[in-house]
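One structure is given below, encoded as structure tokens.
Read-outs throughout are calculated quantities, based only on the coordinates presented, and are distinct from any laboratory measurement. All values reported here derive from a predicted model rather than from experimental measurement. Glycine gets a Cβ as well: all are built from the backbone with ideal geometry, and neighbour counts include every protein chain shown.
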Amino acid sequence: MFRSHLVVVDLGFGDAGKGATVDWLCSAEAGLGVSAVVRFNGGAQAAHNVIAEGRHHTFAQFGSGTFSGVPTLLSQHVLVEPIALAGEARQLAALGVPDPLALLHIDGRALLTTPIHIAANRAREDARGSSRHGSCGRGIGETAAYALDRDAPTVSDCLRPRVLRDKLQALAAHYGALIAPSEHRYEPIDTLADMYQEFAAAVRIVGGEQLARFARRGRLVFEGAQGVLLDEWRGFHPHTTWSTVEPRNARAMLAEIGTAGYVLGVTRTYMTRHGAGPLPTEDRTLDFPEPHNATGRYQGEFRLGHLDPILLRYAIAVSGGIDGLALTHLDTQGTHYAATEYATADGPITHLPPGTWQDLTHQQHLTALLTTAHPVLTEIPDDVVPWLAQTLDVPVALTSNGPTRTHRTPTPATVIAA
């Protein structure tokens, strides 16, 4: 079994099964003694579906170990949206989780996503028309962009009403011209400030020392949001998120407490993505059941494609390598195919150069390449686990052949590679 802290990261465009993986790692069945789930990127746009013990919940800001009573730490790298968080707490309470907010610890340095950011996000994406970048419409990009060179509101500001009001007023003034002509509106500043004071009184706002406290009590599971192929610096610009998805932040936090972790990369047996952007192996004849993913106004349609080891190897490379794979959706019926190479105008391609971090010119080049590439497909053997381990040169540590916790099975590689 795993013997170190764990970092769970999606190797695709999201929706690979991170939530279900984290749920199992935190469960009594796994027996790993997890003391906390640490969210290390993203915000309220996360949608991690967990089905366990007859309950289903789409985890957004709470960690996916919540059904097992495992606390959540929203780190400084998470964008916190208190209004959505309160709604999620009510949903969890209705599912039988006692006092969900008592499980929540939030780093005061985390940026605050407000209804002002959300209105601006939706107005900007609406204005793009048919040239949309792809967005969940939850204000993530605006939260991150505003904070680049301005005094942005943070979670700790919820404890300082006057400071918070000043920051909210500056935020509203900055976005006024963008939002005013649109259909999108938000609550008055005083109303927002009052709500955020209530939020601060209901949760634990902590400092950077909380991570070490949790580490002293047991194992940490770092839960990533979205997928590495959407990473702000490693994804295919402009169809990316304003978030560092690859495990750089998780590794940095582990280094702060003087330890390392086991990085578990999650992938389906086929590719998926929401909305605009390249998906080289897309096949519109694929019709796999997808009960928890649908077309959204801002996300766009949910798309399916054949397995793409070229993209997966790229994701592994830009993640700085991974230690093991969690392979999900093994129960999907039918013959499966995988891309062995791309046919392009410049000849066949079998791998994508990772380039250097923060090189958007390189990412734009890859976007153009992937948009016109034609995959050469081969049939995947029935025994997909050893085949994928050999293809990606990474051991498969965990498999899933169904939607619930009981469908997850550790493999012998879990012990060998731990």
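Worth pointing out:
- Charge dipole (Cα centre; +1 on Lys/Arg Cβ, -1 on Asp/Glu Cβ; no other charges) of the chain amounts to roughly 900 debye.
- Taking all C-alpha pairs of region 112-206, those more than 24 Å from each other amount to 21 percent.
- Sparse-neighbour loop sites [GluC sites (Glu not before Pro); region 31-132; at most 15 other C-beta within 10 Å; DSSP]: Glu53
- Working from Cα pairs under 8 Å separated by at least six residues, relative contact order for region 112-206 is 35 percent.
- With a Förster radius of 22 Å applied to the C-beta separation of Gln333 and Glu29, the computed FRET efficiency comes to 0.25.
- Under the simplified labelling scheme, the Ala255-Glu209 pair shows an inter-label distance of 2.4 nm, with each label point 7 Å from Cα along Cα→Cβ.
- By the beta-carbon count within 10 Å of each Cβ, the least crowded to most crowded order of Arg248, Arg234, fewest first, is Arg248, Arg234.
- Label-point separation, Gln390 to Arg55 (7 Å along Cα→Cβ), nm: 4.3 nm
- Helix-only arithmetic for the chain: the sum of -39500 (n - 2.57) across DSSP H runs with n ≥ 4, divided by the residue total, places the mean residue ellipticity at 222 nm at -9500 deg cm²/dmol.
- Pairwise Cα separations in region 11-79 fall into 5 Å bins from 0 onward with the following percentages, short to long: 3, 18, 29, 27, 17, 6, 0.
- Over 43 Å [Cα-Cα, the chain], rounded percent: 9 percent
- Difference of contour (0.36 nm per residue) and Cα-Cα distance, Asp359 to Arg109: 87.3 nm
- Computing Rg and the Kirkwood Rh from the Cα coordinates of region 270-418 gives a ratio, Rg/Rh, of 0.96.
- The chain - percent relative contact order, Cα under 8 Å, separation 6 or more: 21 percent
- For Arg234, net neighbour charge (Lys/Arg +1, Asp/Glu -1) across residues whose Cβ lies under 12 Å away: -3
- Residue order, fewest to most beta carbons within 10 Å, for Thr414, Thr259, Thr356, Thr391: Thr356, Thr259, Thr391, Thr414
- The magnitude of the dipole of region 112-206, with charges of +1 and -1 set on the Cβ of Lys/Arg and Asp/Glu and taken from the Cα centre, is near 180 debye.
- Gaussian network model of the chain, springs between alpha carbon atoms under 10 Å - residue of Met271, Met253, Met195 with greatest fluctuation: Met195
- Full extension of the chain segment joining Gln197 with Arg284 gains 26.5 nm, where the gain is 0.36 nm per residue of separation less the Cα-Cα distance.
- Projecting label points 7 angstrom from Cα along Cα→Cβ for Val376 and Arg150 puts them 5.1 nm apart.
- Loop-located chymotrypsin sites (Phe, Trp or Tyr not before Pro) in region 285-391 (DSSP state other than H, G, I, E, B) with a sparse environment of at most 16 neighbouring Cβ atoms within 10 Å: Trp357.
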